[in-house]
1. LYS156 versus ASP246, label points 7 Å from Cα toward the beta carbon: distance in nm?
2. Would you work out if the range 2-281 is rounded, prolate or oblate? Take a ≥ b ≥ c from the square roots of the eigenvalues of the alpha-carbon gyration tensor; rounded if a/c is under 1.5, else prolate when a/b is larger than b/c, oblate otherwise.
3. Pick out, from GLY439, PRO666, THR100, the residue whose Cα sits farthest towards the positive end of the charge dipole of the chain, with +1 on the Cβ of Lys and Arg and -1 on the Cβ of Asp and Glu.
4. Could you list TYR117, TYR250 so that the one with the fewest beta carbons within 10 Å of its beta carbon is first and the one with the most is last?
5. For the range 235-314 and the range 731-752, write down the distance between their C-alpha centroids in whole Å.
6. What does a probe at THR713 reach in the range 400-426, counting residues whose amide N is under 17 Å from the point 7 Å along Cα→Cβ?
7. For the range 453-523, which semi-axes, largest first and in whole Å, follow from the square roots of 5 times the eigenvalues of its Cα gyration tensor?
8. Would you mind computing, in nm to one decimal, how far apart the modelled labels at ASP854 and SER270 are, each placed 7 Å from Cα along Cα→Cβ?
Amino acid sequence: MSTDFVHLHVHSEYSLLDGLGRIPELVRQAVTNKQTALALTDHGVMHGAVEFFRECKKHDIKPIIGVEAYMTLYNRKMSDREPQRDKARHHLLLLAKNQTGYQNLLKVCAASQLEGYYYKPRIDADFLASHSEGLICTTGCMAGEVPYWLNSKDRKPNRELALERLHWYLDIFGKENFFVELQEHSIPELQKINKTLLEWSKKEDLQLLVTNDAHYARQEDARLHETLLCVQTSSLVSNPKMKLSDNSYYLKTRAELEATFRPFIDLPASAFSNSLQIAEMCEVSLEDDQFHLPHPAHVMRKYPEHDYQSLLKLLTTEGLKRRYDGRDGRKRFDDPEVLARKELELDIINTMNFDVYFLIVWDMCQYAEQENIWWNVRGSGAGSIVAYALGITMVDPLKHNLIFERFLNPGRISMPDFDLDYPDDQREQMIRYTIETYGEDQVAQIVSFGRMKARAAIRDVGRAYDVELSDVNRVAKLIPSMPGVKIDNTLEKGNKFYSRKLHQIYESDASIKRLVDTARDLEGIARHSSVHAAAVIITDKPLVNYLPLMRPQGSVITKSITQFEYPICESIGLLKVDFLGLSTLTVMRKAVALIKQRHGIDYTLNNIPTDDPKSFELLASGNVSGVFQVESDGMRRILIDMKPNTLENIIAVVALYRPGPLQYIPNYIARMHGKEEFEYHHPDLEPILAETYGIIVFQEQIMRIATELAGYTNSEADFMRKAVSKKKKKALLKHRKLMVDGGKKKGIPEKVMLQIFDDIEYFARYGFNKSHATDYAVITCQTAYLKANYPVEYMTALLTVEHNNTEKVGSLMDECRSMGIEVLPPDINTSLRGFSIENENIRFGLGAIKNVGDGPIEAITLASNKKIFDDLDDFCQRVELKKVGKRALESLLKAGTLDQFGNREQMLQILDTMITISRQIHQPNQNQFQTSMFVTSKVDVSYASLYPLPDVEDVENRKKLEWEKELVGTYITSHPVQSYLQNNQLPPYIFLCSDVANKKPNGKRIIKLIGLVADVRYITTKNGKQMAVMQLEDMLGNLDVTIFPQAFSKFKQFLTPGKIVYVVGRIDTKNPEPVRIIADRISNELPANGNSNNNHINGHAINGRTAHGNNHQVVAERNGSYDIPSINGYSTPSRQHNSNNEKTPPEIIIEPILFRRSGDSAQDKEKLYHLCEILKTHTGNETFYLYIPVPISGQTAKIEFSIKKSTELKSSLDVFRS
């Protein structure tokens, strides 16, 4: 019977890309087989141990915890790493007999990873011997040490050594804990080994154990497992690099196993029933109901007279005196509400034994403050007045009606959890402080698993089955790339992700059906291990006492990583602290440092205002690039409609802007502005819901309704909130009755309470944590304040933090220009590593140029020593260009960083010479060694000058623009649209895309515009049709253009990034903010215009040809400002030539104009527009110059116009001058 057998050699999906069996599937199969116990023995890891233990317990299956470890070859140490001798290793099956054995398994797994890893995690014989207590061991599979020496394939067997090693294992484990393992998988060599092992077991009186090397649950899973192996080895199913011997690697019944062995070997019944005996021997529990919080000894040493409880009370009392000082409308620390809340929280914290947790987090915040590391707490922790008093949180929970029990519920014993945000460039420092404080053996980052998501599974399986790439891509693109979307969702009619096109090809094409079905079965399988982005475990004892560890890889900071994922770690009583890196805090810290440097004002997170009118004006304008949490198009539209004027408005926006509650935003806005009336079911609801105009937005509002109208405690209200949100019928009925009964006691009619409960039931699934929303809304208002009041400093900080993100840098530079802030090009003499401020402009940072990392910048900075480089010779002689590198130097040249020394083509031609000269200067010993082959005396090397530079023309403007876009993310010298406008007139009925974005068309229904294609996002509709959203840009802004399927099919050939296009379309009235266009027609040809010599757009803008007969040209010592030749598309005079060639009377003298910038960019543009309109109406063959100062080294751009002089023109220009 199956009940007489237990599988003790089983691999799950955590034997990554080798085991297929998901733990629930393995346990279900054991239940199906009527087997009473099951083991888990993954390759070298114990990732699934706790999950497996609980799943078995749930199904009344006894869990056996084990591992198939790796062991070094005979006489080799785990520290040995010689490729020829140590790449091979043995397999070793170990099972935990008791808690001591489990502890030893943890140590085996940790040591093999941290000390013995060489291709695989290994231990050696000595380590095994010293950690054998409480373990059951077998001879293992064919790769075990004893079978290895008996194997005659590819080597001569060594029976003597095999027997010697068998006796060694017997000495270490004893006969009662050591078994001779037999497997049968259609491998001839294994059958010979089994016969020898059976013979020896009789001679030595050893116990036999039949196992099946299970890698999946059911026999029909063999095909899937074969595919998985091909994914792992990047091979084809038709030609696999790795394949198991047959399809027998599943959880067989005893009858199947007996039938498997019968043709080859005659085994006693005990060989099978011993598996049950081992199961009975094993008694291990992986549950732990204790919390293992670390002891902050360094804190307690400072307060020797206190324990955790009294110290927390002392610190809280002192902190409340600082927080509630009675000034500016704040409560006093001795206010009854403050005192009552303090006592309530301290009592709950102490009852739950979490005083030490608050002290641990307080200590981290103290260190952060000492080191000028900013932090923010997200989540429900902001509901604690104790945390507020300690300085952990920045939000007053009484002022914002936040509830402590939402954070720490005495009825639910679970670890509190402050999610701590730190600047992303200082997060590592915080983790290192934690390591130094508690010890590297008590602090570890946490493993996480990358799993095969829907699209990835399609692509992996497609490669394994050698499906045409076009077919794979076609299928993959029909599956939405969204979290949680499964392949099944796309094939299920009625599902919101259902794809009719995918369903059609799935049903009609057999190869696609096989591809999709296989991918469905592999979807979600663990593919690789990585590290959790934020979580760190801190324990009171060495980590290996509680969990298995693994070696760190990549940018891991801690010495080790836990093998358990964080929910498992928390569930066994371990403290998890999230160290989240938030770049916004980095931006804020850098911005306030600049503000202090330039204005002498010292801002911190505690004093940046959240009620500043200019902040709310900025938010209401929708110009929120770089403002925390509100940069998306949807958020911009909401803020423009809402016109927020308080922090509470922003708190509500953060809470409502999510799927589900999003639908209530129009009601909120209408009620806020008095356009929609509303009533409360009962007057007692008004103080609870007034801040959100009668709409239940926050979870805390639900809790307050329950406590204030129905008599719940806060703890009970928290349970009610969770129960109702889960829509469990039994819980709903229970709380409906409790609410009605509670309301009656307060005199509220049953009918009213039922209406209120219906609202709670409806809104509970959407309710958002107000504590979290408040935390984030504060940062939103503070970043808006910095941008609104200190725009240059804030944008400089933003650009510096985003300097590695070329695309983001480009968009931020566009934002700067729209704000009237000039971003000056990179300059070898003035640029710093990051972006910097020059007067009221921003200088581009060297670190933002692609391929120019910290090393090259350090070499340049060191050589510069704050003294400018005079010329190329000086640069090459002072900078050791070997440390800069050829690639970085080439990027610096192409980005225009050294333009003051010559044109780019000249310098690129002598790039190698520059490096050679630098090397001669900075490595003189090498030169002397090389020349010693030819002369015996010391050689004085004379260094040739790089001047004169090669006599070559500079690269054409188009090429420069391409380099700039590639290397810095935007155009610096000029812009392709700007270049086009220098050579072509833009008819008055055609707008620039920035005009449209800024609403210049003034209600026009049909819009005609031009712009550069900056980006194209392709979309597949629910019907499987293709459409796109194209982002157009010019030198002053950008605009999104939606191209629906019908237009897409006609004009998709024009959607090429880097090309200028002409678009005819309509303003999207459904989504009015920000302005979007729905395209009806797209072309690269402008409509015929008699005044233009060339209407083919990209002939000028992209190919860089110069139009002849231009009536103006731009002349400047150095380009770099977008404001010079084109203001909203109207600065270019028309091409109408004066056919009569009439000479202007000599007595009319028209002086050039020097245009002086006012500092108001919008006003300056309007003035230039007016001037150009004047000049457009007086074209002729006389020369007129307009000079515009360019904020680059004080140079001036000279623009030449062809005019017809007249008294009327002179008069108009005189008026303009005045």
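Taken together, the values in this text are just the output of simple stated rules run on the coordinates, not laboratory data. Here the structure is a predicted model, which is why all the values come from computation and not from measurement. Note that each Cβ is placed from the backbone with ideal geometry, even for glycine, and that neighbours are counted across all protein chains shown.
1. 3.3
2. rounded
3. Going by the charge dipole, the pick is PRO666.
4. TYR117, TYR250
5. Centre-to-centre (Cα) distance: 49 Å.
6. 403-414
7. Semi-axes from the Cα gyration tensor: 17, 13, 10 Å.
8. Distance between label points: 6.5 nm.
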